[in-house]
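The block underneath contains the structure these notes are about, expressed in structure tokens.
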Amino acid sequence: MEDRHGHRISYLRISVTDRCNERCRYCMPVELQEWLPREGVLSYEEILRVAEIGAGLGVRKIRVTGGEPLTRRDVVGFFARLCAIDGIEDVGISTNGTLLANRLPDGRNISEALVDAGVRSANISLDTLDREAYRAATGRDFLDRALAGIDAARGAGFEKVKLNTVLMRGGSEAQLVDLVEFAHRRGLLLRFIELMPVSSGDVLTEANFLSAGAARGLLEEAFGKLEPRPDFRTNGPASYYAVGGRDQLVGFIGAMTNLHFCDSCNKLRLTCDGKLRPCLGSHLEFDLMSEIRRGADDEEIASFIRGVVERKPREHEFRDNYIPGRRMVAIGG
């Protein structure tokens, strides 16, 4: 599939739940949350059907998100079925990591079970290594669980384990060096992500926005000049740099300051309540759940997906005083 602007779509991000065991201020910044009822969330069978049709249209990579995807019951079995779809070459998970070390009745931890199911990569959110800062940022005292989950993922055999850090002025500056050192000791790829207006209009302000360029400058004060590595790419829009004197890369995802951020976008997003979104930074979303539940056949669903691709915008609207329509936890990380 290719849209009007030359974006070739091969990547589908799927949210399986709007529920989360943390309350990160840039995602779900209030404690009170009206969760979707069960019937308002796509069933595993419905999601798998969309994934199979998507594979027939050229989708090759899927990343499963939430909320926190590991809070949904029987999710490991869902991953196994997802990984078995013909044409899907890469399945990953985005998680806060706090459940990855939990044990299943068969003795495996969840990380091991995911790898056994065929999941190739894990993206784990980690904004700080300071307990009090973690509690303030997430609303939960779960730092030890998150660190245990990271170590469980490292030991489980994922092909890739990446750490994602959201940059926030007034908090991130003191954490940057420690996070780089932490990632280096564990051999993990660390990416710093600019804050985006994805939950409420007051999340992104001049007072709390820290640009990728400013974060890079702070790291260069500690480590010396970071060397650009344009030859190194992952599936996302990160720009990578080598840390001098060591075998380590760090990435920067600058949706707000990188004017070419959308040039290579290759993804669609499926929310847990069945909306297909062609762009995170746009209010455009299309009700795929209604099509599925009215009895649309596979070709009608495929036509619907192609129609959404046709409406994919050239670039996001985050730099144009964008006011989010709903919280990030409802869209999928």
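The values are calculated or read from the model by the stated rules, or taken from the named source; none is laboratory data. Quick caveat, the model's predicted, so the values are computed rather than measured. Here the Cβ positions follow ideal geometry from the backbone for every residue, glycine too, while neighbour counts run over all protein chains shown.
Filtered by the rule that a residue be over 30 Å from GLY58 (Cβ atoms), touching an Asp or Glu at 6+ places or on another chain (Cβ under 9 Å) and of a type in the set (A, V, I, L, M), the range 101-127 gives ALA101, LEU104. Picking from residues in the range 21-37 that are charged (D, E, K, R) and either within 20 Å of the chain's Cα centre (by Cα) or at pLDDT 80 or above (or both), the one that is farthest from THR65 (Cα to Cα) is ARG25.
Of all the residues in the range 213-272, those that are in contact with a Leu (Cβ under 8 Å, 6 or more places away or on another chain), buried (at least 16 other Cβ atoms within 10 Å of the Cβ) and either within 30 Å of GLY40 (Cβ to Cβ) or aromatic (Phe, Trp, Tyr) (or both) number 7. When GLU22, GLU68 are checked against the criterion of being of a type in the set (Asp, Glu), in contact with a Phe, Trp or Tyr (Cβ under 8 Å, 6 or more places away or on another chain), touching a residue at least 12 places away in the same chain (Cβ under 8 Å) and farther than 21 Å from LEU276 by Cβ, a single residue qualifies: GLU22. Each residue in the range 137-172 was checked for being out of contact with any strand residue (DSSP E or B) (no Cβ under 9 Å at 6 or more places or on another chain), in contact (Cβ under 8 Å) with a residue 24 or more places away in the chain and not in a helix (DSSP H, G or I), and 8 of them qualify.
In summary, ASP74 fulfils each of the numbered conditions (1) surrounded by fewer than 16 Cβ atoms within 10 Å (Cβ to Cβ); (2) at pLDDT 95 or above; (3) at negative phi with the single exception of condition (3).
Considering only residues in the range 315-333 that are part of a loop (DSSP other than H, G, I, E, B) and buried (at least 17 other Cβ atoms within 10 Å of the Cβ), the one that is modelled with the highest pLDDT turns out to be GLU315.
The set of residues in the range 290-314 that are modelled with pLDDT under 95 and surrounded by fewer than 17 Cβ atoms within 10 Å (Cβ to Cβ) comprises GLU310, ARG311, ARG314.
Among the residues of the range 234-255, are any part of a loop (DSSP other than H, G, I, E, B), of a type in the set (Val, Ile, Thr) and at pLDDT below 95? Yes, the conditions are met somewhere in the range 234-255. Residues in the range 83-102 include at least one that is surrounded by fewer than 19 Cβ atoms within 10 Å (Cβ to Cβ), modelled with pLDDT of 95 or more and farther than 30 Å from VAL308 by Cα.
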